[in-house]
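The values are calculated or read from the model by the stated rules, or taken from the named source; none is laboratory data. All of these numbers come straight from a predicted model, not from anything done at the bench. Heads up, the Cβs are rebuilt from the backbone with ideal geometry, glycines too, and the neighbour counts pull from every protein chain shown. Accessible surface areas use protein heavy atoms only, side chains included; no ligands, DNA or RNA. Shrake-Rupley method; radii C 1.70, N 1.55, O 1.52, S 1.80 Å.
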Amino acid sequence: MRVARTFRLPIIAAFAALALSGCVQTASGVASAPPSDLDFMAYGKPHDAATAAAAPDDSRGAIGAVRSSYAAAPLPPSRTTPYRLDAGDKLRVVVYGQEGLTNTYAIDATGSITMPLIGAVGARGRTPAGLAAEITSKLRNGYIREPSVAVEVETYRPFFILGEVAAPGQYPYVPNMSVESAVAIAGGFSPRAKRDAVTLTHTDNSTSSRAVVPLGTPIGPGDTILVGERWF
């Protein structure tokens, strides 16, 4: 009996060791939930390729709608493009050697200026240089042999500011103005004004664009600024 017990104890110990090693291997294979898309929004996309592959594609669901809400609002057209003339601008037209033609001309509601000899000249949508070239062409056609013409903007058309400001209305435009300086010219915000952003409408070449912009955004001649009302 003692001999049988002596051989039995090592066998039992071997079976116990095998059972324990199986438990350890099973524990290492426990599955973990893949990171959610909200985690990606808060902490950024994972750098590990396997984790990124396991992430669900929710671009068409509610998460996609949340993503799109964070998209930046479109900004107005760049002010680095050449300035286009329109009704309300006052121009200084210089025809060298011709004092009777050199004068200040206002662009009327039809988008034209009217000069001696050549009559109405279309100015809307042209640059100052383009208008000078058009005047030169008309004067050369039977009036002056080699005309030399220069055009510059003497006074820009006004801008408009509406809504929650002390004195809404139309004001003369000054180069390099921003929304913030326009609000200051209009007497500042009213007590109920929304002060972090405004709606800016820009019209260029008969096309309009509208965007919600911050106060540091530059404005152009003829732009309309709408200061909204805050709800709390």
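A few notes on this one:
- Sequence-distant residues sharing a close amide H with Ser178 (under 5 Å, placed H): Ile219
- Heavy atoms of the protein chains alone define the surface here; on that basis the stretch 136-232 has 58 Å² accessible area per residue at 1.4 Å probe size.
- Taking a point 7 Å from the Cα of Glu229 along the Cα-to-Cβ direction, the residues of the stretch 159-174 with backbone N closer than 20 Å to it are 161-169.
- Ligands, DNA and RNA left out, the 1.4 Å accessible surface of the stretch 166-211 is 51% carbon and sulfur atoms.
- Across the stretch 84-144, Cα-Cα distances exceeding 13 Å account for 58% of all pairs.
- Local electrostatic count, Thr102, Cβ distance below 15 Å [Lys/Arg +1, Asp/Glu -1]: -1
- Sequence-distant residues sharing a close amide H with Met115 (under 5 Å, placed H): Ala120, Val121
- Taking only the C-alpha atoms of the stretch 137-232, the Rg (one decimal) and the largest Cα-Cα distance, Dmax (whole number), read 18.4, 68 Å.
- Under 5 Å, built H, 5+ apart or other chain: amide partners of Phe159: Tyr171, Tyr173, Gly222
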